[in-house]
Amino acid sequence: MLLIDNMTLEDVSGVTIVEEECFSQPWSYQAFLSELENDKAVTYIAIEDYEIVGFINAHFVLNEGYINNIAVTLTHRRKHTADMLIEKLVSLAIDKKLAFLTLEVRQSNEAAINLYKKHGFLEVGIRKDFYDQPKEDAILMTRKFDI
Ligand SMILES: CC(C)(COP(=O)(O)OP(=O)(O)OC[C@H]1O[C@@H](n2cnc3c(N)ncnc32)[C@H](O)[C@@H]1OP(=O)(O)O)[C@@H](O)C(=O)NCCC(=O)NCCS
């Protein structure tokens, strides 16, 4: 059974492993550690059979939310893990009365773009050459909340 929970100190290694598997320029162990001490940061983990299989990280600043990262380990994809992580974050955003959640995503990342669209995010702009390794534009996607 899949569980969603807050990241704690003992989860940081597992989250870093998922991050390294999923991104060409991964955040370090230290970067996730500092998220634990950042009172603006929210990191939820997905756990199956005691193993961390995914996570989502966001920053809530005043009434604005920025999703930095979502990732699911290769062997657990297409099982609605990312759906559950986003639903948990969206429900926190609504509880905290955020005006919106926003994020950047690589233009070629069809899986992530579909995921965000499924959860009500709209394409609102493009950031030219936002990414390196490889260089690529970002699509800016936002979900607004009624407040
Ligand atoms: C994007 C990612 C997090 C999706 O995780 P996942 O757990 O496999 O996704 P889910 O099973 O919850 O799928 C949810 C929805 O996302 C979309 N989706 C997920 N994978 C997809 C794929 N390979 N192709 C097309 N759409 C996809 C679909 O809309 C899907 O809904 P559906 O199953 O009802 O069609 C995962 O592919 C990943 O970790 N990718 C690498 C890291 C990354 O690119 N993160 C995004 C950075 S902005």
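The values are calculated or read from the model by the stated rules, or taken from the named source; none is laboratory data. Computed from a predicted model, the values in this text were never measured in an experiment. With ideal geometry, Cβ positions are generated from the backbone for all residues, glycine too; neighbour counts draw on all protein chains shown.
Within segment 1-28, the residues that satisfy the criterion of being within 13 Å of the chain's Cα centre (by Cα) and part of a helix (DSSP H, G or I) are Val15, Val18, Glu19, Cys22. Could you tell me how many of the residues in segment 6-44 are polar (S, T, N, Q) and within 16 Å of the ligand (Cβ to nearest atom)? Residues in segment 6-44 being polar (S, T, N, Q) and within 16 Å of the ligand (Cβ to nearest atom): 4 in total. Of all residues in segment 44-79, those satisfying the criterion of being among the β-branched types (Val, Ile, Thr) and closer than 17 Å to Glu104 by Cα are Ile56, Val61, Ile67, Ile70. Can you tell me which residue among Leu92, Leu74, Leu103 is more than 7 Å from the ligand (Cβ to nearest atom), under 16 Å from Phe23 (Cβ atoms) and modelled with pLDDT of 95 or more? Going through Leu92, Leu74, Leu103 in turn, the sole match is Leu74.
In segment 56-69, the residue that is nearest to the chain's Cα centre (by Cα) out of those that are more than 9 Å from the ligand (Cβ to nearest atom) and crowded, with 18+ Cβ neighbours inside 10 Å is Asn57. Does Ala31 qualify as being assigned to a strand (DSSP E or B) and either at negative phi or surrounded by fewer than 13 Cβ atoms within 10 Å (Cβ to Cβ) (or both)? In short, no.
Looking only at residues of segment 70-98 that are touching a Leu at 6+ places or on another chain (Cβ under 9 Å) and assigned to a loop (DSSP other than H, G, I, E, B), we find that the one that is surrounded by the most Cβ atoms within 10 Å (Cβ to Cβ) is Leu98.
Only one entry in Asn109, Asn114 is surrounded by 13 or more Cβ atoms within 10 Å (Cβ to Cβ), without any contact (Cβ under 8 Å) to a residue 12 or more places away in the chain and of a type outside the set (Ser, Thr, Tyr), namely Asn109.
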